[in-house]
Amino acid sequence: MQKTIIQIYEVQKPGEAEALIELGVDHIGSVLADPAKWKSASIRKTVQTVKRRGAKSVLIPLMKDPAAIFAALDYYEPDCVHLCDVLSPYPDEQRTVVRDFDALLSLHIDIRDRFPRLDIMRSLSVPRAGLPDASVIEKNILDFAARFAPVTDFFLIDTLLSDADQPVAGFVGITGKPCDWTIAKAVIEQSPISVILAGGLAADNVYDAVVGLRPAGVDSCTRTNAADRSGRPVRFKKDLKKVRGFIEEVRRADRFLEGESRDAKLIHRERI
């Protein structure tokens, strides 16, 4: 049984990346937050440090222009590019989504062609639980996944809020809130490629997420960030104690699943 991938965002400094790798983080994610100032010596060194230490460097370019994305990938040379544009699964928005989907699918194909050794991660936008159209929303997300899978290496499930509440307009993520785990589980079980679960994960709920949904990996950003005096998360600064607790709970879940798998194999042998 493979261990669950642990992915941590938003890491912009090489020293912090080193500390996270020492704790046992597998994927280190960095973010190009400003399309107008996308060149950063610190982030570039962070990517290089992660690769040198044997972890996987993941880069989110918060950009819409394919040419700008290609330039950033040339400059940073990450192991994986993470594309997290919002792709709405809501039934009443499907007509307008077609154009966005086609453009994003073309971007995947172009990245594959230009950077054949680069992994591609695509965020799937999953709303919070309790919506009346959940079954239709789930079907739309599964359709997106089926169509993206041939040109994608990882899916990342993240929480979709309303347009007004989405922290970064046009992109999904950093909400600090969990998505609908029923939909997430359906995607994980039916996806032909590895799925990483994100959205409000921290030490207090990641064990249940790993055991209950069994994703290939789990991702944390907001809830493993440092906090200011008011308790609000500070972007681009990790709390190593929170990350350590997160990792411990993921590995505890892995041990439980390994024991469960071992017991199932013993029962199977006895029946034979």
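Computed from the coordinates by the stated procedures, all read-outs in this text should not be read as laboratory data. None of the values given here were measured: they were computed from a predicted structure. Don't worry about glycine lacking a Cβ; one is built from the backbone with ideal geometry, like all the others, and counts go over all protein chains shown.
Data table
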| read-out | value |
| --- | --- |
| The stretch 88-175: trypsin sites (Lys or Arg not before Pro) in DSSP loop, at most 13 other beta carbons within 10 Å | ARG117 |
| The stretch 184-230: C-alpha gyration tensor shape, a/c 1.5 cut-off, then a/b vs b/c | prolate |
| Rounded if a/c under 1.5, otherwise prolate or oblate - the stretch 22-110, Cα gyration tensor axes | prolate |
| Rounded, prolate or oblate (a/c below 1.5 giving rounded, otherwise prolate when a/b exceeds b/c) for the stretch 119-220 by Cα gyration tensor | rounded |
| Debye, to nearest 20: dipole size of the chain, +1 on Lys, Arg Cβ, -1 on Asp, Glu Cβ | 900 debye |
| Listed residues SER194, SER125, SER30, most fluctuating in the chain (Gaussian network, C-alpha, under 10 Å) | SER194 |
| Cα-only Debye scattering, the chain: base-10 log of I(q)/I(0) at q = 0.12, 0.14 Å⁻¹ | -0.72, -0.99 |
| Rounded to 5, the percent of DSSP beta bridges in the chain classed as antiparallel | 10 percent |
| 20 Å Cα-Cα threshold exceeded, pairs from LYS51/LYS241; LYS51/LYS177; LYS3/LYS185; LYS13/LYS51; LYS177/LYS238; LYS64/LYS139 | LYS51/LYS241; LYS51/LYS177; LYS64/LYS139 |
| Calculated from backbone phi, Karplus (6.51, -1.76, 1.60) coupling profile of the stretch 186-199 in Hz, x at Gly/Pro | 4, 5, 4, 6, 9, 6, x, 10, 5, 10, 9, 9, 10, x |
